[in-house]
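Peer 1: Here it is, the structure in full.
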Amino acid sequence: MVVAQLAPALDAVRLSLHVLAATIWVGGQLTVAGLLPTVRRLGDDAPRRLGSAFARLSWPAYALLLATGIWNVLAVDEGQSTAWQAVLGAKIAVVVLAGAAAWLHGRAKSSKWLGIWGGVAGVSSVAALVMGVLLAG
């Protein structure tokens, strides 16, 4: 009975942590991308230093997204439609792509690969966010 009474509060914690982590991961990428032209004028190594500082925030947020994402799936009632399950499978693939692309972006040595992997990370992160909204709807 106590668990049933706590369920709404646990749902609120789970969803709040997931949304908070998404704001850091996705919103942070968009913010850094928007600041990059200004940051470049601060010195040759300023973009790298900004990226390192962002990584200290974004990777824990990504880990929290993964953990709360698993928690979200476990909290869903069984019997979801095939379409819902297909979107979930696609979202999982896109989340993995976003993490891999961000990791590769952080290790890229040329501006070409920095741009490619940064773009893939950003687009796939936004796509995962949209898919999450679809799943919650």
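All of the numbers you see were taken from the coordinates with simple rules; none came from a lab. All values derive from a computational prediction rather than experimental measurement. Positions of Cβ are generated from backbone atoms using ideal geometry, with glycine treated the same way; all protein chains shown enter the neighbour counts.
Peer 1: Can you sort Asp45, Asp77, Asp11 by how many other beta carbons sit within 10 Å, fewest first? List each step's numbers first, then the result.
Peer 2: On the way: Asp45 9, Asp77 5, Asp11 13.
Ascending Cβ contact count within 10 Å gives the list Asp77, Asp45, Asp11.
Peer 1: Which of Lys109, Lys91 has the fewest other C-beta atoms within 10 Å, and how do the rest follow up to the most?
Peer 2: Working: Lys109 7, Lys91 20.
Fewest-to-most Cβ neighbours within 10 Å comes out as Lys109, Lys91.
Peer 1: For Val32, Val96, what ranking results if the residue with the fewest other Cβ atoms within 10 Å of its Cβ goes first?
Peer 2: Values: Val32 18, Val96 13.
Starting with the residue having the fewest Cβ neighbours, the order is Val96, Val32.
Peer 1: Another question about this same structure. Pull out a ≥ b ≥ c, the square roots of the eigenvalues of the alpha-carbon gyration tensor of the chain, then state rounded if a/c is under 1.5, prolate if not and a/b is larger than b/c, and oblate in the remaining case. Spell out each step's value before the answer.
Peer 2: Working: a/c = 3.12, a/b = 1.95, b/c = 1.60.
Prolate shape, in that a/c is at least 1.5 and a/b is the bigger ratio.
Peer 1: Here is a follow-up. For the stretch 43-137, what relative contact order do you get, as a whole percent, if you take Cα pairs closer than 8 Å and at least 6 residues apart?
Peer 2: Details: 46 pairs, mean separation 25.8, N = 95.
Answer for the stretch 43-137 is 27 percent.
Peer 1: Now for a separate question. To test your reading of the geometry: what angle, between 0 and 90 degrees and rounded to tens, separates the Cα axis of helix 28-40 from the longest principal axis of the chain?
Peer 2: Between helix and principal axis, roughly 10 degrees.
Peer 1: Given Cβ point charges of +1 (Lys, Arg) and -1 (Asp, Glu) and nothing else, what value in debye, to the nearest 20, does the dipole of the chain about its Cα centre take? Write out the running numbers ahead of the final one.
Peer 2: Numbers: 10 positive and 5 negative charges, 152 e Å.
Dipole about the Cα centre, nearest 20: 720 debye.
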